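Engineer: Quick one: the structure is below, and I'll ask about it shortly.
The values are calculated or read from the model by the stated rules, or taken from the named source; none is laboratory data. Note that the structure is a prediction, hence the values are computed from the model and not measured. Cβ sites come from the backbone with ideal geometry, for glycine too, and all protein chains shown count toward neighbours. Remember, those area values only see protein heavy atoms, side chains included, never the ligands or the DNA or RNA. Shrake-Rupley method; radii C 1.70, N 1.55, O 1.52, S 1.80 Å.
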Amino acid sequence: MRIKNGVIVTAVSILLGGASLSAHAQSQGVSSNEILIGSIQDLSGPLAGFSKMAAAGMQMRADEINAKGGINGRKLKLIVEDSAYNPTKAVQVAQKLINQDKVFVVAGSIGTVVNNAAMPVQFEKNVMNFAPLTAARDMFEPVNKLKFAILDDYYGSMKEHAPVLFKKVNAKKACILHQDDEFGLEVARGVTDGLKSINIPISETTTYKRGATDFSSQIVKLKAANCDFVGMGTLIRETPGAIGEARKTGFNPTFMGSIGAYTELVPMLGKEAVNGFYAVNSATIPYPDSTNENVRAWASSYKVKYGSDPQLFSLYGYWIIELLSRGMDKAGANLTTESLVKALETMGPQGNNLGVPTVQFTDKNHLGSSYSAISQIQNGRWIEVK
């Protein structure tokens with residue numbers, strides 16, 4: 001666990017600061033019988049494996065809430081738009097959600113670049129960005145009434161765990177492979193600063209473009225640098241793609257990924273090649289045969305509804321709507337952005353029985369959880385390691 005007191009001011013943070021302070025007497029997207037919730041997902045690009053599961057989890061919880069009468073008599077309506085993990089398209093769909101659909105809140109949007117592109121559009125109309133599916137610090141720093149996050153950040157978690165793992169595996173030389181955008185840079189910064197704390201420099205850094213499928217040149221560079229530890233700012237397809245390429249060349253360092261690489265999809269895609277891969281996790285994967293009976297029951301209900309087993313992002317989506325609904329319920333019948341902000345900041349610790357860390361917001365901290373741990377793929381399954 002860590003307490004984050006530092007403040008990082010980025011270009012996006014500066015841009016959003018002034019707009020977020022404006023107050024509206026009435027919030028759009030709230031009627032006598034309905035609350036509109038928007039979400040920007042990647043339904044057709046490289047993160048579709050995450051997004052389709054997240055959207056399903058969100059809809060499942062919304063349906064359950066609606067079946068019991070909704071929130072203070074209002075039903076939840078979820079409107080999901082596809083960004084294809086493209087910031088330009090993210091702006092376009094954000095404008096649709098905000099100006100045409102007139103949603104009350106945007107929740108669970110996926111991707112650092114997508115959220116950073118969409119937030120100015122949202123904040124101009126006083127629309128909150130709640131629990132984005134990215135762990136970038138921009139999602140909660142500096143404190144802003146319209147930014148609430150629940151995932152321990154890429155930078156802080158990699159800074160914490162990279163030196164621990166480096167020493168655990170008796171590594172000698174470190175390198176970094178990362179996506180050439182703000183997500184990848186945040187992971188790289190965390191690895192760099194974490195290893196700096198134990199006097200280990202980064203011997204080589206190499207990057208790739210979003211959506212890349214060929215990692216041969218990057219692996220050649222890392223192998224030539226004789227790295228035995230590689231910090232990875234990679235996501236679903238790129239993680240097994242890069243590790244598989246390394247295995248083919250006989251390059252077998254310790255690979256360590258971020259929260260963004262902790263997914264069932266990595267061993268599903270990478271198979272034997274990714275056994276031994278480490279990543280930071282901020283929640284436990286809801287395997288259908290979990291030792292937690294509540295997870296087993298929830299996974300069974302999910303499969304009845306959708307015909308397939310849930311994945312981690314299904315659980316994230318479900319928890320996001322549950323957490324948001326608790327805040328809206330506490331805000332009362334007079335639901336506005338301002339009353340929701342106050343409710344979220346004052347409702348205290350919010351726990352669950354599904355393996356997701358407890359979340360708590362305050363007026364000084366809009367990162368709900370700073371829990372993270374290290375897991376490893378062992379025989380095709382993620383196991384938390386000490």
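Engineer: Looking only at the range 336-372, count how many residues are among the hydrophobic types (A, V, I, L, M, F, W, C) and surrounded by fewer than 19 Cβ atoms within 10 Å (Cβ to Cβ).
Structural biologist: 2
Engineer: Right, next: Does T284 meet the test of being modelled with pLDDT under 95, out of contact with any strand residue (DSSP E or B) (no Cβ under 6 Å at 6 or more places or on another chain), open to solvent by 20 Å² or more (accessible area, probe 1.4 Å) and of a type outside the set (K, R)?
Structural biologist: yes
Engineer: Here are some conditions: (1) open to solvent by less than 40 Å² (accessible area, probe 1.4 Å); (2) in contact with a Lys or Arg (Cβ under 7 Å, 6 or more places away or on another chain); (3) at pLDDT 95 or above. E34 meets all but one. Which one does it not meet?
Structural biologist: (1)
Engineer: Here's something else I'd like to know. Looking at the range 244-261, is at least one residue free of Cβ contacts under 8 Å to residues at least 12 places away in the same chain and part of a helix (DSSP H, G or I)?
Structural biologist: Checked the range 244-261: at least one residue is free of Cβ contacts under 8 Å to residues at least 12 places away in the same chain and part of a helix (DSSP H, G or I).
Engineer: Another one. Out of all the residues in the range 201-215, is one or more in contact (Cβ under 8 Å) with a residue 24 or more places away in the chain, under 18 Å from the mean Cα position of the chain (by Cα) and at negative phi?
Structural biologist: yes
Each row is one residue, and each column tells you yes or no for (1) crowded, with 21+ Cβ neighbours inside 10 Å; (2) at pLDDT 95 or above; (3) part of a strand (DSSP E or B); (4) under 22 Å from the mean Cα position of the chain (by Cα).
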residue	(1), (2), (3), (4)
E64	no, yes, no, no
K89	no, yes, no, yes
K96	no, yes, no, no
N115	yes, yes, no, yes
M119	yes, yes, no, yes
Q122	yes, yes, no, yes
D138	yes, yes, no, yes
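Engineer: I'm checking my understanding of the structure. Among residues of the range 162-182 that are part of a helix (DSSP H, G or I) and surrounded by fewer than 24 Cβ atoms within 10 Å (Cβ to Cβ), which one is modelled with the lowest pLDDT?
Structural biologist: E182
Engineer: Which pairs do you get when a residue that is at positive phi, found in the range 74-97, comes within reach of a residue that is among the basic types (K, R) and modelled with pLDDT under 95, reach meaning Cβ atoms under 9 angstrom, with the pair 6+ apart or on two chains?
Structural biologist: So the pair list comes out as Y85/R210.
Engineer: Then there's this: When residues of the range 183-241 are filtered for being among the charged types (D, E, K, R), open to solvent by 10 Å² or more (accessible area, probe 1.4 Å) and either more than 18 Å from N252 (Cα to Cα) or not in a helix (DSSP H, G or I) (or both), how many remain?
Structural biologist: Going through the range 183-241 one residue at a time, the tally reaches 9.
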